[in-house]
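S.K.: Take a look at the following structure, please.
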Amino acid sequence: PSGDATFTFTPTCDGATATVTGDLGGVFTFNPIPTDGADINSTTGTITDGVQGTSYTVEYLVTGACPALNSESVTVLPFEDSSFTLTPTCQGATAVITGDTGGTFVFNPLPTDGAVIDENTGLITGVSGTIYTVEYMTSGPCPETSSESVTVFSSEDASFTYTPSCTGATATVTGDSGGVFTFNPVPTDGALIDSDTGEITNGMPGTIYTVDHITTGNCPDTVTQTVTVFAEDDSSFNLAPTCDGAIATVTGLPGGTFTFNPNPGNGATIDSTTGAIIGGPFDAVYTVDYTTDNGTCPTTTTQSVTSYSQPIVIDPAPLEVCDDGTPDGITSIDLTLKNVEITDNNPDYSVSYHID
């Protein structure tokens, strides 16, 4: 009978396996011989070390009285692509498959911080700032595995503090720098804020301002603080005239400084601590500043005072003494007169009336 050299090939990931359907005992050979390093077992026809996706042609020769020769081609199973990329997020990472889809994602090594990964999508839910290594394995007949690492974005810290001033406040960032400061709500009193430093200027004394600080990184954080601008010192005071100046009474914050403004130039002096004016003439006008230079937010108040006029001396006629000891000569005294002295030189008595 004629020899039967029929056979079939089953491709593998690195070659193929042969199944003889004809006469056994033949010899397998490449034709043509490949130059890529592939090898064939002449007895079994198994191809190894082949290149994925490459086609090889093999002859099977049956010897005997009636030799037979058959030729078959086979294509090694194609290469699978397990490539993928990981993109960090604030909570973990997202995966994008750039090769063959349908594979499986796994951690390698497995983290101990409670992070989880979706085996189908590669989505990682993990811990801020942590590095995770992920493997992706294709699910075809020739599985391939790729490995990638990703670092989860670090959490951002927008914390800051405020130090009030007399016209606003200054901010100190205690978290991540480089954020943006904004009023929330925006005041209508003309106050201004520096978006970079957070400094508040042109603020109103005693006013409360609310400010947001937002970081500008990959994972923005917002912190809100309020600050109350310092109230102005109370520099109010009163001046009471005297014959040679005045006496000051502080009704606001004590401990400030009194000064003439302007200097009267009439010999009068002022006590910078008490505000007392002495040594001046009658009917002199003085303008005085009182500054609370010992307070948080110094202020100045200005008051004016006129010293008393020179006394008027009146010498009336001798007075008569009634039986009850009441003078007859005077029936009334004009109390609108200031510094009036009424005297009588009668040797029997004298009457003095002083208006202070």
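S.K.: Criterion first (more than 30 Å from SER139 (Cβ to Cβ) and crowded, with 19+ Cβ neighbours inside 10 Å) does PHE9 satisfy it?
M.R.: So PHE9 fails the test.
S.K.: Please go through (1) under 28 Å from CYS243 (Cα atoms); (2) open to solvent by 80 Å² or more (accessible area, probe 1.4 Å); (3) at pLDDT below 55; (4) polar (S, T, N, Q) for ASN339 and return the number of the only condition it doesn't satisfy.
M.R.: It fails just one condition, (2).
S.K.: Looking at (1) of a type outside the set (A, V, I, L, M, F, W, C); (2) at pLDDT 95 or above; (3) surrounded by 13 or more Cβ atoms within 10 Å (Cβ to Cβ); (4) within 60 Å of the chain's Cα centre (by Cα), find the lone condition where THR249 falls short.
M.R.: Status for THR249: all satisfied but (3).
S.K.: Do any residues in the stretch 138-161 that are at positive phi have Cβ atoms under 7 Å from those of residues that are hydroxyl-bearing (Ser, Thr, Tyr) and open to solvent by less than 70 Å² (accessible area, probe 1.4 Å), where the two are at least six apart or on different chains, and which pairs are they?
M.R.: Matching pairs, first to second residue: none at all.
S.K.: Could you tell me which of the residues PRO327, PRO316, PRO311, PRO347 is modelled with pLDDT under 95 and touching a Cys at 6+ places or on another chain (Cβ under 9 Å)? First the steps, then the outcome.
M.R.: Details: PRO327 fails: touching a Cys at 6+ places or on another chain (Cβ under 9 Å); PRO316 fails: touching a Cys at 6+ places or on another chain (Cβ under 9 Å); PRO347 fails: touching a Cys at 6+ places or on another chain (Cβ under 9 Å).
The match here is PRO311.
S.K.: Same structure, new question: Could you tell me which residue of the stretch 279-301 is modelled with the lowest pLDDT, considering only residues that are under 30 Å from GLY255 (Cβ atoms) and loosely packed, with under 13 Cβ neighbours inside 10 Å?
M.R.: First, the residues of the stretch 279-301 that are under 30 Å from GLY255 (Cβ atoms): 279-280, 284-301.
Next cut, loosely packed, with under 13 Cβ neighbours inside 10 Å only: 279, 285, 294.
Working: GLY279: 96, VAL285: 97, ASN294: 85.
So, considering only residues that are under 30 Å from GLY255 (Cβ atoms) and loosely packed, with under 13 Cβ neighbours inside 10 Å, the one modelled with the lowest pLDDT is ASN294.
S.K.: Looking at the stretch 183-197, I want the residues that are on the phi > 0 side of the Ramachandran plot and have a partner that is open to solvent by 80 Å² or more (accessible area, probe 1.4 Å) and modelled with pLDDT under 95 with Cβ atoms under 6 Å, at least 6 apart or on another chain. Which pairs are those?
M.R.: Going by the 6 Å Cβ cut-off, there are no qualifying pairs.
S.K.: Could you go through the stretch 113-131 and let me know if any residue there is in a loop (DSSP other than H, G, I, E, B), of a type outside the set (Gly, Ala, Ser) and open to solvent by less than 50 Å² (accessible area, probe 1.4 Å).
M.R.: Within the stretch 113-131, the subset in a loop (DSSP other than H, G, I, E, B) is 113-115, 118-123, 126-130.
Applying the additional criterion that residues be of a type outside the set (Gly, Ala, Ser) yields 113, 118-121, 123, 127, 130.
When the remaining residues are screened for being open to solvent by less than 50 Å² (accessible area, probe 1.4 Å), the result is 130.
Within the stretch 113-131, one or more residues are in a loop (DSSP other than H, G, I, E, B), of a type outside the set (Gly, Ala, Ser) and open to solvent by less than 50 Å² (accessible area, probe 1.4 Å).
S.K.: Considering only residues of the stretch 162-199 that are closer than 17 Å to THR216 by Cβ, assigned to a loop (DSSP other than H, G, I, E, B) and small (Gly, Ala, Ser), which is most open to solvent (accessible area, probe 1.4 Å)?
M.R.: SER177
The values are calculated or read from the model by the stated rules, or taken from the named source; none is laboratory data. Predicted model only: the values in this text are computed from it and were never measured. When we count neighbours, we look across all protein chains shown, and the Cβ atoms used for this are built from the backbone with ideal geometry, even at glycine. Note: areas computed on protein heavy atoms with side chains; ligands, DNA, RNA excluded. Shrake-Rupley method; radii C 1.70, N 1.55, O 1.52, S 1.80 Å.
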